[in-house]
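The values are calculated or read from the model by the stated rules, or taken from the named source; none is laboratory data. As the structure is a computational prediction, the values presented were derived from the model and not from experiment. When we count neighbours, we look across all protein chains shown, and the Cβ atoms used for this are built from the backbone with ideal geometry, even at glycine.
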């Protein structure tokens, strides 16, 4: 007598139907996951774009607001030329602008304690220990001819033994002839200053960056994916929205317009236009604009 098997497996038809159902469920689950992941990536890029824009704008606002702190409104002389608290360079044809700021950001200063007897490469001060080699220093005060003057030099040697001295031996680009242009007398003052230059590096069109060069040193990245910065200035003469004033010492207020974009294009994003070249693309962008009252310049 033949025994029946009560534990028979699935038939081929049942297995086929199960595989079809499983494949369909997996396909739709993947589509849902893919859509959710795309939204997540887009949101993450938007957040990064907003953060880059805010970081760049915050640093520009801070340095512009402090421009001229401790520096005469007329600026100071240096081997790089005449340095004003704000030095603008307009990017022609809507290209990104460049701006430079000069200020005493760290509030490090000391007084001259012995008048100079000639044009030398050292200044005797009350406390040289506040300074370090490589600092950029500004000497401002009265010359032996009774006139006011200001000059910028790089500190190349700090002498804290005996009479405190700050030396400025040859070190390009700041110290060319190793001597100050004027003979300063007490009560002239020396302070640490910072000269910084901001510009957009778009040498890689896919990844433009806001750069900052400090004291003519190597440029550093401030923020990624900053496509454009534009500056306009209001002057003490009443003129407003000037792109590149002929006399930077008249600048009293600045308006910063900054454009940041996402790191990668979105094929489904329509309406994107390059803020400099005007060419259509698929990038998301954000534009920030703010006015900055420059506190340390005379009203």
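In table form, for the structure just shown:
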quantity	calculated
Which listed residue, of 137, 69, is in contact with a strand residue (DSSP E or B) (Cβ under 9 Å, 6 or more places away or on another chain) and either free of Cβ contacts under 8 Å to residues at least 60 places away in the same chain or under 19 Å from residue 229 (Cβ atoms) (or both)	137
Flag if residue 152 is part of a strand (DSSP E or B), under 22 Å from the mean Cα position of the chain (by Cα), at pLDDT 95 or above and under 21 Å from residue 187 (Cβ atoms)	yes
Residue that is farthest from residue 100 (Cα to Cα), among those in the range 233-244 that are in a loop (DSSP other than H, G, I, E, B) and touching a residue at least 12 places away in the same chain (Cβ under 8 Å)	237
Check on residue 86, in contact with a helix residue (DSSP H, G or I) (Cβ under 8 Å, 6 or more places away or on another chain) and either farther than 19 Å from residue 196 by Cβ or surrounded by 15 or more Cβ atoms within 10 Å (Cβ to Cβ) (or both)	yes
Residues satisfying the stated conditions in the range 201-223, i.e. more than 10 Å from the chain's Cα centre (by Cα) and surrounded by fewer than 18 Cβ atoms within 10 Å (Cβ to Cβ)	201, 202, 203, 204, 205, 206, 207, 215, 216, 217, 218
Evaluation of residue 157 against (1) within 19 Å of residue 117 (Cα to Cα); (2) in contact (Cβ under 8 Å) with a residue 12 or more places away in the chain (one fails), failing number	(1)
Residue in the range 167-180 that is closer than 30 Å to residue 58 by Cα and in a strand (DSSP E or B) present	no
Residue in the range 245-252 that is outside any loop (DSSP other than H, G, I, E, B) and without any contact (Cβ under 8 Å) to a residue 40 or more places away in the chain present	yes
